Amino acid sequence: MKTIIFLIIGILLIIGGIWTFISAKHWLHNIQKKGTDNGFILMGIGSGFIFSILILGLGISYFSQAIIAWIK
């Protein structure tokens with residue numbers, strides 16, 4: 001049961017990480033088209049990229065733990 005929960009959490013985190021990365025990339029593309037001097041917007045987009053990488057790493061960790069527990 002614990003393995004299934006870890007697997008589901010891992011998959012959801014991986015999807016969330018990819019979704020966050022695509023959203024940050026979309027925002028960055030829109031900002032580059034319009035142009036801005038607001039540093040806070042650019043810092044927010046940068047933190048969005050970092051946050052997406054952290055979520056993706058956590059999702060891969062949960063997913064791999066579930067796979068290893070399932071194999072054992």
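Select from the stretch 31-48 the residues that are surrounded by 11 or more Cβ atoms within 10 Å (Cβ to Cβ) and either among the charged types (D, E, K, R) or farther than 30 Å from THR3 by Cα (or both) and list them in ascending order.
Correct list: ILE31, THR36, ILE41, LEU42, GLY44, ILE45, GLY46, SER47.
Open to solvent by 70 Å² or more (accessible area, probe 1.4 Å), part of a helix (DSSP H, G or I) and basic (Lys, Arg) - does that describe any residue in the stretch 63-72?
no
In the stretch 38-65, how many are closer than 14 Å to THR20 by Cα and of a type in the set (A, V, I, L, M)?
Of the residues in that region, 7 qualify.
Taking the conditions exactly as written (at pLDDT below 80 and open to solvent by 90 Å² or more (accessible area, probe 1.4 Å)), does PHE51 satisfy them or not?
So PHE51 does not fit the description; no.
Tell me which of these ILE60 doesn't satisfy, since it passes every other one: (1) over 13 Å from the mean Cα position of the chain (by Cα); (2) open to solvent by 60 Å² or more (accessible area, probe 1.4 Å); (3) in contact (Cβ under 8 Å) with a residue 40 or more places away in the chain.
Single failed check for ILE60: (1).
The values are calculated or read from the model by the stated rules, or taken from the named source; none is laboratory data. If you're wondering where the values come from, they're calculated on a predicted model, not measured in any experiment. Positions of Cβ are backbone-derived with ideal geometry, glycine not excepted, and every protein chain shown enters the neighbour counts. Ligands, DNA and RNA are excluded from the accessible area calculation, which covers all protein heavy atoms including side chains. Shrake-Rupley method; radii C 1.70, N 1.55, O 1.52, S 1.80 Å.
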